[in-house]
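S.K.: Just dropping this structure here.
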């Protein structure tokens, strides 16, 4: 699978930006959850208490893993988690757009809450992950 | 009967939460002299992995998964209770999970194995705060500390724990199990003496420490 082999770059993210991300993490997480809650595509999930709880839990764990991945430069660990999460959510009838939307919401929230730092490098890594998710879903549909 | 047959025989009642049937099977295999290592490696762990896959794929509820885990933990407690440890080797091991890690079956198995080999084992199970692990390690002065860890999410707290542990007890050996990703291992490598790939691998490392003379306190 081409998409799996594509490298994801976390190397350009500066240490002070990771520190700032850590400081703003709770705000970023709240904004991500809020954005997912108000996404029309996920109306069914939001209406189902168990799946709504899972969605929030996934966002929280993703944020922890993203932070550790940036700090320790371990993209493979985050990719492994996303691969696991995709399988987990697929079996719970989450739409395939959930993970790309989670990544997109994280990009937006990172920009919003890291206004005094360079959030572009983090956003770029998230964009690459989003692209990977998109390629994987195209492959799955083909 | 092959080991796969035994695994299927055990997994079925485990998935159904049938404690008595699981216990009876273990008792039966014990009477047939099934070595503990084979029970752990070829039956209990693969059976739990199947239960975990069932949960991931939504064919098993989280409650079923916890019931299965409890059954396995009770079997491990039975094995610990019934085990006939070798004569004490004068070595102490502190065993448990890193902070924020709650999967403690593997550390329980390792505790059983080391105890049977003559180690004095202190097994605290799943996540406890870093400060408390350090305090206990300082009081116990173990020859070996064994942690289990699975997730990248625990990296930061684990790195701090291991750094502090190394500074506090420089001659205590540190082993980590459950961490398979080379990148994660590379981050922790300066503070770790051994990354165990299996229970056998971990037991071999412990034996190499047991073969060394005891430290002067």
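Throughout, read-outs are computed from the coordinates displayed, never taken from laboratory work. Since we're looking at a predicted model, the values are computed, not measured. Note that we place each Cβ from the backbone using ideal geometry, even for glycine, and neighbour counts take in every protein chain shown.
S.K.: More than 20 Å apart: what percent of Cα pairs in segment A:1-72 qualify?
M.R.: The calculated P(r) of segment A:1-72 puts 46 percent of pairs beyond 20 Å.
S.K.: In a Debye calculation with equal point scatterers on the alpha-carbon sites of segment B:134-181 and no solvent, what is log10 I(q)/I(0) at q = 0.25, 0.26 Å⁻¹?
M.R.: Values returned for q = 0.25, 0.26 Å⁻¹ are -0.97, -1.03.
S.K.: Rg to Rh for segment B:83-124: what is it, with Cα atoms only and Rh by Kirkwood?
M.R.: 1.02
S.K.: Can you figure out the FRET efficiency of residue A:15 with residue B:197, using R₀ = 41 Å and their beta-carbon distance, to the nearest 0.05? Please report the intermediate quantities before stating the final value.
M.R.: Values: r = 32 Å, r/R0 = 0.79.
It comes out at approximately 0.80.
S.K.: Using Cα springs under 10 Å in a Gaussian network model of chain A, which residue among A:85, A:102, A:129 shows the largest mean-square fluctuation?
M.R.: A:85
S.K.: In a Debye calculation with equal point scatterers on the alpha-carbon sites of segment B:90-217 and no solvent, what is log10 I(q)/I(0) at q = 0.11, 0.13, 0.19 Å⁻¹?
M.R.: -0.31, -0.45, -1.03
S.K.: So, one more: Across peptide A:61-69, how many C-beta atoms of other chains are within 10 Å of each residue C-beta, on average?
M.R.: The mean count of partner-chain Cβ atoms within 10 Å per residue comes to 4.
S.K.: Something else now. Would you calculate the separation in nanometres between label points at residue A:47 and residue B:74, each defined as 7 Å from the Cα along the Cα-to-beta-carbon direction?
M.R.: So the two model labels end up 4.2 nm from each other.
S.K.: Kindly provide the pair-distance distribution of segment B:39-86 built from C-alpha pairs, with 5 Å bins from 0 and whole-percent values in order of increasing distance.
M.R.: The distribution over segment B:39-86 is 6, 21, 24, 21, 13, 7, 5, 2, 1, given as percents.
S.K.: Next question, about the same structure. If the viscosity is 1.002 mPa s and the temperature 20 °C, what translational diffusion coefficient in µm²/s does Stokes-Einstein give for segment A:82-142 when Rh comes from Kirkwood over Cα pairs?
M.R.: Stokes-Einstein gives a translational diffusion coefficient of 173 µm²/s.
S.K.: Using 7 Å Cα-to-Cβ label points, what is the residue B:53/residue A:111 separation (nm, one decimal)?
M.R.: Output for this residue pair reads 4.2 nm.
S.K.: Order the peptides A:19-32, B:123-136 from the highest to the lowest mean number of other Cβ atoms within 10 Å of their residues. Mind dumping the intermediate values first?
M.R.: Numbers: A:19-32: 17.4, B:123-136: 15.5.
Listed from highest to lowest mean packing, they are A:19-32, B:123-136.
S.K.: If you don't mind, there's one more thing I want to ask. Calculated from DSSP H runs of 4 or more alone, at -39500 (n - 2.57) each and per residue, what is the 222 nm mean residue ellipticity of chain B, nearest 500?
M.R.: Result for chain B: -17000 deg cm²/dmol, rounded to the nearest 500.
S.K.: Within 10 Å of each Cβ in peptide B:179-186, how many partner chain Cβ atoms are there on average? Round it to a whole number, please.
M.R.: If you average over the peptide's residues, the count of other-chain Cβ atoms is 3.
S.K.: From the mean inverse distance of alpha carbon pairs (Kirkwood) and the Cα radius of gyration, derive Rg over Rh for chain A.
M.R.: 0.95
S.K.: For segment A:29-78 and segment B:147-210, what is the centre-to-centre distance using only Cα atoms, to the nearest Å?
M.R.: Answer, in whole Å: 29.
S.K.: Under the definition of Cα pairs under 8 Å and six or more residues apart, what whole-number percent is the relative contact order of chain B?
M.R.: Numbers: 285 pairs, mean separation 34.1, N = 217.
The value is 16 percent.
S.K.: At q = 0.09, 0.14 Å⁻¹, what log₁₀ I(q)/I(0) does a Debye calculation on the Cα points of the protein assembly as shown give, no solvent, two decimals?
M.R.: Per q value, in the given order, log10 I(q)/I(0) is -0.60, -1.23.
S.K.: For the pair residue B:23/residue A:97, report the inter-label distance in nm, with labels modelled 7 Å from Cα in the Cβ direction.
M.R.: It works out to 5.3 nm between the two label points.
S.K.: While we're looking at this one, here's another question. Applying 1/(1 + (r/R0)^6) with R0 = 25 Å to the Cβ-Cβ distance of residue B:135 and residue B:185, what FRET efficiency is obtained, to the nearest 0.05?
M.R.: Numbers: r = 27 Å, r/R0 = 1.08.
For residue B:135 and residue B:185, the calculated efficiency is 0.40.
S.K.: How large is Rg/Rh for segment B:1-102, to two decimals, with Cα atoms and a Kirkwood Rh?
M.R.: 1.01
S.K.: Can you give the direction-averaged projected area of the convex hull of the alpha-carbon atoms in chain B, in nm²?
M.R.: Mean projected area of the Cα convex hull: 12.4 nm².
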